[in-house]
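If you scroll down you'll find the structure; I have some questions about it.
The values are calculated or read from the model by the stated rules, or taken from the named source; none is laboratory data. Since the structure is predicted, the reported quantities are computational estimates derived from the model, not experimental observations. Here Cβ is always computed from backbone atoms with ideal geometry, including for glycine, and neighbour counts include all displayed protein chains. All accessible areas refer to the heavy atoms of the entire protein, side chains included, with ligands and DNA or RNA removed. Shrake-Rupley method; radii C 1.70, N 1.55, O 1.52, S 1.80 Å.
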Amino acid sequence: MKIEVWQGDITTLAVDAIVNAANESLLGGGGVDGAIHRAAGPGLLQSCEQLPQLRPGVRCPTGEVVATDAHELPARFVLHTVGPVWHDGQRDESALLANCYWKSLQLAEKLGARSIAFPAISCGVYGYPLYRAAEIAATETLAWQRSHREPRRIILVAYNTATFKAYQQALSAAGQTLDDESEAPRSSDRAIAAQSLMPAF
Ligand code: APR
């Protein structure tokens, strides 16, 4: 298996687990967090509100991950992880971001998920430099896939072409040959790609 790169809306994927780039409150937000909550319906927020608060306003600390049901999404689980806000690279940002990927894969394995899709965690509002984040995503997912059997299908979801290319470059630099990656799907292919991912794995 190879790490897959797919361009589109993560909420459409019928994988076992989709990862949400959340904030520590887990009460929703904009970006992919907002898209996931909109597509999952109000039940997702209710599930998050029932999670224990470790301290006021914090249900999931940065670099950690918690799972909920996916409610109206085609996926089975939502793994809510909180990426680091980028400051200057001197505040453990890379280690915290790596933890988001590794701990999400650990939780997915524990849940019996056979497929998982990640958005570009911290690359939006949290301002993480795209290529540095893509390198971490590639390194962590490849390391996991080389030492674990499940989840067997790992997808890095790009919401724009720049992110798609950054993932391709980072995976290639990390030793995954380019010809193994999915081509950038044309719009018609995107629907097919989504369809091809529709059956739960
Ligand atoms: N599908 C896939 N990727 C998406 C989608 C989507 N529907 N919507 C946005 N993205 C991409 C963005 O383009 C970006 O590359 O997800 C990546 C992460 O961006 P953000 O969603 O802004 O997440 P992040 O940078 O981790 O900031 C998290 O933003 O929405 C709030 O509540 C969230 O406070 C938290 C913060």
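Need one word for the stretch 19-84: rounded, prolate or oblate. Basis is the Cα gyration tensor (sqrt eigenvalues a ≥ b ≥ c); a/c below 1.5 gives rounded, then a/b vs b/c decides.
Prolate.
With labels modelled as points extended 7 Å from the Cα through the Cβ direction, what inter-label distance (nm, one decimal) is found for Leu27 paired with Val58?
Each label point lies 7 Å from its Cα, and together they span 1.6 nm.
For the chain, with the dipole built from +1 on Lys and Arg beta-carbon atoms and -1 on Asp and Glu ones, taken about the Cα centre, which of Gln168, Tyr131, Tyr101 lies farthest toward the positive end?
Looking along the dipole axis, the top candidate is Tyr101.
What nm value, rounded to one decimal, do you get for the distance between Asp69 and Leu45 when each label is placed 7 Å out toward the C-beta?
Modelled inter-label distance: 1.8 nm.
Just flag the trypsin sites (Lys or Arg not before Pro) in the stretch 4-104 sitting in loop per DSSP whose Cβ has no more than 15 other Cβ atoms within 10 Å.
Here the trypsin sites (Lys or Arg not before Pro) that fit, given the DSSP loop and packing criteria, are Arg91.
Determine which residues of the stretch 124-140 fall in the zone a paramagnetic label at Gln90 would reach in this model, i.e. backbone nitrogen under 19 Å from the point 7 Å along Cα→Cβ.
128-129
Another question, then. Per residue of the chain, what 222 nm ellipticity follows from adding -39500 (n - 2.57) for every DSSP H run with n ≥ 4, rounded to the nearest 500?
-12000 deg cm²/dmol
Roughly how many percent of the accessible protein surface of the chain is carbon and sulfur, given a 1.4 Å probe and a whole-percent answer?
Roughly 51 percent of what the probe reaches on the chain is carbon or sulfur.
If you don't mind, another one. Write out the GluC sites (Glu not before Pro) in the stretch 1-85 meeting two conditions: DSSP loop, and at most 14 other Cβ atoms within 10 Å of their Cβ.
Glu72
When DSSP beta bridges are limited to those with both residues in the chain, what percentage is antiparallel, rounded to the nearest 5?
30
Right, another one. Can you pull the Kirkwood radius for the stretch 37-161, inverse mean 1/r over Cα pairs, to one decimal in Å?
Numbers: mean 1/r = 0.0657 Å⁻¹.
Final number for the Kirkwood radius of the stretch 37-161 is 15.2 Å.
Taking all protein chains together and a probe of 1.4 Å, list Ser47, Ser94 from the most accessible to the least accessible.
Order by accessible area, largest first: Ser94, Ser47.
Could you give the size of the charge dipole of the chain about its Cα centre, using +1 on the Cβ of each K and R and -1 on the Cβ of each D and E, expressed in debye and rounded to the nearest 20?
Using Cβ point charges on Lys, Arg, Asp and Glu, the chain gives about 220 debye.
Dipole magnitude of the stretch 31-126 about its Cα centre, charges +1 at Lys/Arg Cβ and -1 at Asp/Glu Cβ only, in debye to the nearest 20?
180
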